[in-house]
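Written below as structure tokens is the structure these notes are about.
Read-outs throughout are calculated quantities, based only on the coordinates presented, and are distinct from any laboratory measurement. Since we're looking at a predicted model, the values are computed, not measured. Cβ atoms come from the backbone with ideal geometry, glycine included; neighbour counts cover every protein chain shown.
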Amino acid sequence: MFYNGILGLHSLLRWAIIILLVVNISRSFINKTKPYSQLDRSWNLRLTIITHINLLVGLYQYFFGVKGFVLIKTYGMADVMKNSNLRFWAVEHITGMLIAIVLITIAGSVSKKTFESDAKKHSKLGWLYLISLLIIVAVVPWPFRHSLGEIPLFRSLY
């Protein structure tokens, strides 16, 4: 029961991150000629906070859940790497997400730099967020990834 709640939270936060990324990408490219404002900072901060919360939830699932590190302990790294389903859960998902989270965190630090022009800030943020979104979309366990089994769009909600 607890695991399903954590899994549902992780899935719900995924959608929040995707929505916030789309909002921040849009704001960055639409406002590229406008000054970087407090509203821009607040949108970036929201994304960073939600992303880091989901990272903590995901790390809990990875180390204490039924997929992730337990697969490496059970089968060994060599066998995990030979099986695409096991490799996805034990290596690909966490690696891709960590890369995306690092890029989102870097974007947050770029937004705080005072010596860059506002146009350059907007541009850097837009590209870092776009790359993060593409990585996240690539390593999320979507329902159409049949090799992973039957996975709903909103986990533990139905």
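The numbered conditions (1) among the aromatic types (Phe, Trp, Tyr); (2) farther than 16 Å from residue 23 by Cβ; (3) within 12 Å of the chain's Cα centre (by Cα) are all true for residue 129 except (2). Under 6 Å by Cβ, and 6 or more places apart or on different chains, what pairs join a residue from segment 35-56 that is in contact (Cβ under 8 Å) with a residue 60 or more places away in the chain with one that is part of a helix (DSSP H, G or I) and surrounded by fewer than 20 Cβ atoms within 10 Å (Cβ to Cβ)? Sorted first by the residue in segment 35-56, then by its partner, the pairs are 35/118; 36/118; 44/108; 48/108. Identification of helices (runs of 4 or more DSSP H) wholly contained in segment 7-114 with 3 or more residues that are crowded, with 17+ Cβ neighbours inside 10 Å and within 14 Å of the chain's Cα centre (by Cα) yields 38-64, 93-112.
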